[in-house]
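The values are calculated or read from the model by the stated rules, or taken from the named source; none is laboratory data. All figures in this text were calculated on a predicted structure; none of them were measured in a lab. Neighbour counts are summed over all protein chains in view; Cβ atoms, including those assigned to glycine, are modelled from backbone coordinates with ideal geometry. Each accessible area value is taken on the protein alone, full model and side chains, heavy atoms only, with ligands, DNA and RNA left out. Shrake-Rupley method; radii C 1.70, N 1.55, O 1.52, S 1.80 Å.
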Amino acid sequence: MPAPSPVAPPRSGQVLIPTPEPRPDQPPSREMFGPPIPETTAKAAAVPASVPIPPFRPDGAEAQPDREVFGPPAPRMLADKRSNAPRPATMPIEEAACRTRLKVLGVEFEEFASQSDADGCALPFPLKLKRLSRSIDIEPDAVINCAAAEASARFATSVIAPAAKAEFGDELSVVGQASAYVCRPRNGTRKLSEHAFGNALDIARFTLAKGAAIDVEPTPPEKNAKFLGVVRKAACGPFKTVLGPGSDADHARHLHFDLAPRKNGGTFCQ
C-alpha cells in the first residue's frame, strides 16, 4: 500500500485551518452523499411490478390459482350411472308395489322429499323408515330407498329377531341404526357410497324387550359375539355387501348392509 502523501507546509502568511471532524450528533453532509432521492421515486423502487401470491396464506387458507389458467376444478366424486338416471314426475310402478309390500309386512314409514346433490348423490323416491315391523322399532328414523327398507324389514323379522330369542331368550325390540342416506363417497375414495343412493343401512346396536343392549364392537362378550356372528353370516345373500368389525377400521363399531348392484348378483361379505 503506498504511503499517504505528506501535507504541504503552509506558505508564508497563509493560515492553515484544519477540517473539523464530524460530531456523532451531526448529520452527514449532503455534498458527501449527493442530493436526496425524491420520496415518490423511493416508493416506486420499493414496490415490485407484481406481487407473487404465496402458496399458503397467513390465515391458513390455501391460495387459489387462476381458474382461467388451470381450468375448472376436478369433480369431487367419480361418475355413477345412477346419478343421472331419469327421474319421472310420478312414482314408478315398482316403487308403488314396494310400498304395498311394506304395508303388508307391518312396516311403518312416511314419504320423504327427493334427495340429490351436485356431487351425484341421488334418491328420487325416498321414504322415512319408522318401524321395521309391528313389534320392531328402528331408532332413529332412517331415510332410505324402498328396496333397502324392504330387505331390512324382512331380515329383522326372519333372522335378527329369531337369533335374539335363541341366544338371549328375549324379543328383539329396537334396531339402532347409525347411518342410512348420506351424501358421501366411500371412505378414502372418490367413488360414491351406497349410502349416497339410500341403498345401505348401518346397524350399531340391538336392544331387547327387557332392556339389554347388544352393541356391535370389536371384542364383544361371548354371548353377544355369537349372536352378532349369526346375524352377520346370514346377512350375506339378502344383502350384497356385508361389512363389520375386522373388515377395516371404519366398520369397527357397526354392521354395514347394502344392496349394491353387482355383476351376476354377486356378494361381497367381509
Residues being in a helix (DSSP H, G or I) and open to solvent by 40 Å² or more (accessible area, probe 1.4 Å) - total across the stretch 98-142: 5
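Only one of V182, V174, V230, V242 is within 25 Å of K81 (Cβ to Cβ), among the aliphatic types (A, V, I, L, M) and open to solvent by 10 Å² or more (accessible area, probe 1.4 Å); which? Walk me through it before giving the result.
Working: V174 fails: within 25 Å of K81 (Cβ to Cβ); V230 fails: within 25 Å of K81 (Cβ to Cβ); V242 fails: open to solvent by 10 Å² or more (accessible area, probe 1.4 Å).
Answer to the selection: V182.
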Enumeration of residues in the stretch 196-208 that are farther than 22 Å from G229 by Cβ and of a type in the set (A, V, I, L, M): A196
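One line per residue, one yes/no per condition, for (1) modelled with pLDDT of 95 or more; (2) within 21 Å of P245 (Cα to Cα):
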site	(1), (2)
F155	yes, yes
V159	yes, yes
F168	yes, no
E171	yes, no
V174	yes, yes
A178	yes, yes
N187	no, yes
E194	yes, yes
L208	yes, no
Residue match in the stretch 161-171 (condition: closer than 29 Å to Q115 by Cβ and either open to solvent by less than 20 Å² (accessible area, probe 1.4 Å) or within 25 Å of the chain's Cα centre (by Cα) (or both)): no
In the stretch 185-221, residue surrounded by the most Cβ atoms within 10 Å (Cβ to Cβ) [restricted to those that are over 17 Å from R232 (Cα atoms) and among the basic types (K, R)]: R186
Test set (1) touching a residue at least 40 places away in the same chain (Cβ under 8 Å); (2) closer than 30 Å to L78 by Cα - R186 fails condition number: (1)
